[in-house]
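A.B. asks: I am attaching a structure below and will ask some questions about it afterwards.
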Amino acid sequence: MIPLIDIAALFGADSPARRAADAAIMAAAADAGFMTVTGFDALAAPPPSALLRIFSLPEAEKRRLWRQTFAPDHANVYRGWFPLQPGSATWKEGIDMGPDIAGPARAGAEDPLLEPTPLPEEAALPGWRAQAAAYYRAMETAGQALMRALARGLDLPEGFFDAAFAGGISTLRLIRYPERPAESLDGVAEDKMWVSHQGRRMYLVGAPHVDSGFVTLLAQDGVEGLQARAHSGEWITVPPAPGTLAVNFGKLLETWSGGRIRATEHRVVGAGRERHSVPFFYEPRVDALIAPLPGRAAFPPVLYGDHLWALMTRFIEFRGLEALRPPRRIAS
């Protein structure tokens, strides 16, 4: 069962309602590792559906935004568009955008994790850039509120994580999962492609995985497809109810919390019709040091940027790019 939690009280001062929300969030984080939330309307974000206009762009305009993996003459490595990839266990296209869409570009653009995001021209999608910026800022606020709730739940000062996330490199991703044609399955192993769920044979469009980082806030378009793995091993549908966000937690946060917060495996299955989702990955600075929390189990400290790059270059979109970002040295 995926709990539904009203997080409106997180945006205010200490109160019985905020303490109740904190307790519900920690319970969900420790058990299901997933929840759906309401009560973020005070952030005045545009509806996620407004951002999906980008998928109406002509293919030539989308190609202008492609990452270097798919267009070798393009400079953008980490941010930008990823097209459909036949022969892969995943079947999606979309764009990854960084903090420069909502504010000034970060210093250090020689680091691919800090590169600017290629965006469509204003004339191609009037008003879209402003909507994307507003949505990004709203999700940053929600991400901070959730991390503060988790800090309180871990018996830490509520602002404990704030410094690591100041100047962070959070990612706003827009995804389209079109219906999957049979020819796109050529070359994909049967056991990597087809699953059985409640007596139905379904194909994957997003392979099972756990998120690598901290907190993911996902807007769905009302079409089912996202599933989380329960303790029993059963796959449970994460409800795509309008006006809610699905929230889950990443592996690095699980490690940072000494296992008190659970990173839950999830997948996306084909629903027989097109589906869209808008995940926001709340992330710290590239040089944020992730070290053991007071009183928690020890683990080797790591700079967030090094952790992220080592994981991202395992994905097909980034393979062969490992040498573009050598590991940074942790100051002693």
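The values are calculated or read from the model by the stated rules, or taken from the named source; none is laboratory data. Note that this is a predicted model, so its numbers are computed, not measured. Please note: Cβ atoms are built from the backbone with ideal geometry, for glycine as well, and neighbour counts cover all protein chains shown. The area values use the complete protein model at the heavy-atom level, side chains included, leaving out ligands, DNA and RNA. Shrake-Rupley method; radii C 1.70, N 1.55, O 1.52, S 1.80 Å.
A.B. asks: I'd like the residue in region 214-225 that is among the hydrophobic types (A, V, I, L, M, F, W, C) and either assigned to a loop (DSSP other than H, G, I, E, B) or open to solvent by 10 Å² or more (accessible area, probe 1.4 Å) (or both) and, out of all such residues, is modelled with the lowest pLDDT. Working first, answer last.
C.D. replies: Kept after step one, since they are among the hydrophobic types (A, V, I, L, M, F, W, C), are these residues of region 214-225: 214-215, 217-219, 223.
Keeping just the survivors that are either assigned to a loop (DSSP other than H, G, I, E, B) or open to solvent by 10 Å² or more (accessible area, probe 1.4 Å) (or both) gives 214, 218, 223.
Values: Phe214: 95, Leu218: 97, Val223: 90.
Among residues in region 214-225 that are among the hydrophobic types (A, V, I, L, M, F, W, C) and either assigned to a loop (DSSP other than H, G, I, E, B) or open to solvent by 10 Å² or more (accessible area, probe 1.4 Å) (or both), the one modelled with the lowest pLDDT is Val223.
A.B. asks: Separate question: Which residues, counting only those in region 4-39, are in a loop (DSSP other than H, G, I, E, B) and either among the small types (Gly, Ala, Ser) or open to solvent by less than 40 Å² (accessible area, probe 1.4 Å) (or both)?
C.D. replies: If we filter region 4-39 for residues that are in a loop (DSSP other than H, G, I, E, B), which is where we start, we get 7, 12-15, 31-33, 39.
Passing the criteria: Ile7, Gly12, Ala13, Ser15, Ala32, Gly33, Gly39.
A.B. asks: Is it true that some residue in region 87-95 is small (Gly, Ala, Ser), at positive phi and loosely packed, with under 15 Cβ neighbours inside 10 Å?
C.D. replies: Yes, region 87-95 has at least one match.
A.B. asks: Let me ask you something else. All but one of (1) in a helix (DSSP H, G or I); (2) free of Cβ contacts under 8 Å to residues at least 24 places away in the same chain; (3) surrounded by fewer than 17 Cβ atoms within 10 Å (Cβ to Cβ); (4) in contact with a Lys or Arg (Cβ under 8 Å, 6 or more places away or on another chain) hold for Asp100; which doesn't?
C.D. replies: Of the numbered conditions (1) in a helix (DSSP H, G or I); (2) free of Cβ contacts under 8 Å to residues at least 24 places away in the same chain; (3) surrounded by fewer than 17 Cβ atoms within 10 Å (Cβ to Cβ); (4) in contact with a Lys or Arg (Cβ under 8 Å, 6 or more places away or on another chain), the odd one out for Asp100 is (3).
A.B. asks: Kindly list the number of the only condition in (1) buried (at least 17 other Cβ atoms within 10 Å of the Cβ); (2) farther than 21 Å from Leu311 by Cβ; (3) at pLDDT below 95; (4) touching a strand residue (DSSP E or B) at 6+ places or on another chain (Cβ under 7 Å) that fails for Arg201.
C.D. replies: (1)
A.B. asks: Hey, can you tell me all the residues within region 226-249 that are open to solvent by 10 Å² or more (accessible area, probe 1.4 Å) and in a loop (DSSP other than H, G, I, E, B)?
C.D. replies: Correct list: Ala230, His231, Ser232, Gly233, Glu234, Pro239, Pro240, Ala241, Pro242, Gly243, Thr244.
A.B. asks: Would you be able to say whether some residue in region 260-271 is open to solvent by 10 Å² or more (accessible area, probe 1.4 Å), over 19 Å from Thr90 (Cβ atoms) and not aliphatic (A, V, I, L, M)?
C.D. replies: Yes.
A.B. asks: Here is a follow-up. Scan Phe280, Phe318, Phe299 and give me the residue that is open to solvent by less than 10 Å² (accessible area, probe 1.4 Å), of a type outside the set (Asp, Glu) and part of a loop (DSSP other than H, G, I, E, B).
C.D. replies: On the way: Phe280 fails: part of a loop (DSSP other than H, G, I, E, B); Phe299 fails: open to solvent by less than 10 Å² (accessible area, probe 1.4 Å).
The unique qualifying residue is Phe318.
A.B. asks: Here are Glu122, Glu140: which of them is touching a residue at least 40 places away in the same chain (Cβ under 8 Å), open to solvent by 40 Å² or more (accessible area, probe 1.4 Å) and either assigned to a loop (DSSP other than H, G, I, E, B) or of a type outside the set (Lys, Arg) (or both)? Let's see the steps before the verdict.
C.D. replies: On the way: Glu122 fails: touching a residue at least 40 places away in the same chain (Cβ under 8 Å).
Only one candidate passes the filter, namely Glu140.
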